[in-house]
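Here the structure comes first, spelled out in structure tokens, and everything after it is commentary.
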Amino acid sequence: MEATPLITALEIGTTTIKVLMAEVREDGSLIVAGLGECESRGVRKGEIVDFELALDAVRRAMESAEAVAHKSIGESVYLVASGGRAESLLHIGGIPVLNEYEQPHGEISAEDIDQVLEVARKIPLSDDRIRLHTLQQNFEVDGRGGIVNPERMVADELRVGMLLIHGQRAVVENLKKLTENVPVVCADAAFGGFCSALAVLTPEQKRAGVVVIDLGGGTTDFIVYNSGLVKLTGSIAVGGDHVTADICSGLNLNRRQAEALKKESGSALINRLQGGQDISIPAEGGFSGRVVRAATLHTIMNARMEELFKMIADKIEAEGLAGMLNAGVILTGGGSAMEGVADLAQQVFNAPCQVGRIHDCVGLSTKQEGARFAAAIGCVRYAASQIEPEAPARARWKVWLSKLWGGGSNE
């Protein structure tokens, strides 16, 4: 069974740098060859704040991945673009359908479909924004929506929606520049929330309606599907590091103490049964040891995480999608391991919630910690969909993947 050439995905996060080397086979399964991860430096809220520190961290993560794979990364990588204040914008393009006499009311041809798609893709953006993806929605024929394939229908007007995912130009270009100084070529950049969805969602979930929330250290990406199509995306500059900072200020601890406390004893949900327990904190880094109540710690964490989830829920409700999440909420990213976070999300969204599981992936630790690597794994899948087919069989495979992932295209 044929596979794509070895693809490398690079995720430059606020907390960690991840490098994933993998192949995607014709049946869509993914085989991990190498995985490198190191502590992130010089990055805050998904943006580079110290170029040299970030460059050194990326190089170390790449060397680690190459050592595991016993292969070189090669000349190019695909970048996971998380943060960057990513947003989505729906643009509707339309054309008149003419008959053989160049008058309204004709049969829709393949050329008409190509033309209306081209019109819909021409979405104006301000100079400080950069397009990441243009994802096709359903067609409209004379105002009737939900049309999947309008070819050969008779109509006066043909319209189609195009969802544009765009990010902050400076943030994305600085991440690309970082890879060029490794030096490797950045073949493309893909929105982190879109990548996570490609790693954990099934076609059935996309049709039923679902939101994927990728909880990172400095940023949180989200993406909403309904009827098999992407309907809304966004990025919020709040993540697990903000929870740690809240613990630092609320309990007068240093960062290492707060991070250890969060991981070992923390919960996003206030547990009344555990609230009365005392937690001993050892002295560290000039900060004295002390004892705190579990209820105090959980209250601090709950406040920040509840605020984050409500911000996303409000955006979903504003777009009229709140009642369309029949498949619920899927959590990915490092923050998905936080105790009680799935239960809290279930309360806020009033929908079932679970931690995402990677589908059709073999290799290394991704089975055990798949949610943490969802964006990188999905980035490999995205890259495979963009590689030009080498044979008719590959072309059919690409079409199948395009349908599976929502029928989108990228510019």
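Condition test on Ala345, is it surrounded by 15 or more Cβ atoms within 10 Å (Cβ to Cβ) and modelled with pLDDT under 95? Against the criterion (surrounded by 15 or more Cβ atoms within 10 Å (Cβ to Cβ) and modelled with pLDDT under 95), Ala345 does not qualify. Checked against (1) surrounded by 14 or more Cβ atoms within 10 Å (Cβ to Cβ); (2) in a helix (DSSP H, G or I); (3) in contact with a helix residue (DSSP H, G or I) (Cβ under 8 Å, 6 or more places away or on another chain), His298 passes all but condition (3). Take Ser72 and tell me if it is more than 29 Å from Ile213 (Cβ to Cβ) and under 21 Å from the mean Cα position of the chain (by Cα). For Ser72, the condition - more than 29 Å from Ile213 (Cβ to Cβ) and under 21 Å from the mean Cα position of the chain (by Cα) - is not met. Would a scan of the stretch 13-32 turn up a residue that is under 24 Å from the mean Cα position of the chain (by Cα), closer than 30 Å to Leu229 by Cα, modelled with pLDDT of 95 or more and among the basic types (Lys, Arg)? Yes, the stretch 13-32 contains a residue that is under 24 Å from the mean Cα position of the chain (by Cα), closer than 30 Å to Leu229 by Cα, modelled with pLDDT of 95 or more and among the basic types (Lys, Arg).
The set of residues from the stretch 106-124 being in a loop (DSSP other than H, G, I, E, B) and either at pLDDT 95 or above or among the charged types (D, E, K, R) (or both) comprises Ile108, Ser109, Lys122.
Test Gly266 against the stated conditions and say whether it is under 21 Å from Leu344 (Cβ atoms) and at pLDDT 90 or above. It is true that Gly266 is under 21 Å from Leu344 (Cβ atoms) and at pLDDT 90 or above.
Looking at Ala155, Ala189, Ala120, just one residue is of a type in the set (A, V, I, L, M) and within 27 Å of Leu215 (Cβ to Cβ), and that residue is Ala189. Scanning the stretch 307-351 for residues that are under 16 Å from the mean Cα position of the chain (by Cα), outside any helix (DSSP H, G or I) and of a type outside the set (Val, Ile, Thr) yields Leu331, Gly333.
Scanning the stretch 120-160 for residues that are out of contact with any Pro (no Cβ under 8 Å at 6 or more places or on another chain), surrounded by 12 or more Cβ atoms within 10 Å (Cβ to Cβ) and of a type in the set (A, V, I, L, M, F, W, C) yields Ala120, Ile123, Leu125, Ile130, Leu132, Leu135, Ile147, Met153, Val154, Ala155, Val160.
Among the residues of the stretch 321-333, some residue qualifies, meaning at least one is surrounded by fewer than 17 Cβ atoms within 10 Å (Cβ to Cβ), of a type outside the set (Phe, Trp, Tyr) and closer than 30 Å to Leu89 by Cβ. Suppose we filter the stretch 151-192 for residues that are assigned to a loop (DSSP other than H, G, I, E, B) and β-branched (Val, Ile, Thr); how many remain? Within the stretch 151-192, residues that are assigned to a loop (DSSP other than H, G, I, E, B) and β-branched (Val, Ile, Thr) number 2.
Only one entry of Ile92, Ile48 meets the criterion of being farther than 16 Å from Cys195 by Cβ, β-branched (Val, Ile, Thr), surrounded by fewer than 16 Cβ atoms within 10 Å (Cβ to Cβ) and touching a residue at least 12 places away in the same chain (Cβ under 8 Å), and that entry is Ile92. The set of residues in the stretch 167-189 being among the polar types (S, T, N, Q) and either within 18 Å of Ile7 (Cα to Cα) or without any contact (Cβ under 8 Å) to a residue 24 or more places away in the chain (or both) consists of Thr179 alone.
Criterion applied to Gly234, Gly276 was being more than 22 Å from Ile17 (Cβ to Cβ), in contact with a strand residue (DSSP E or B) (Cβ under 8 Å, 6 or more places away or on another chain) and in a loop (DSSP other than H, G, I, E, B), and the one residue passing it is Gly276.
The values are calculated or read from the model by the stated rules, or taken from the named source; none is laboratory data. Predicted model, so just to flag it, every value in this text is computed and none were measured. Glycine also receives a Cβ, built like all others from the backbone with ideal geometry; neighbour counts cover every protein chain displayed.
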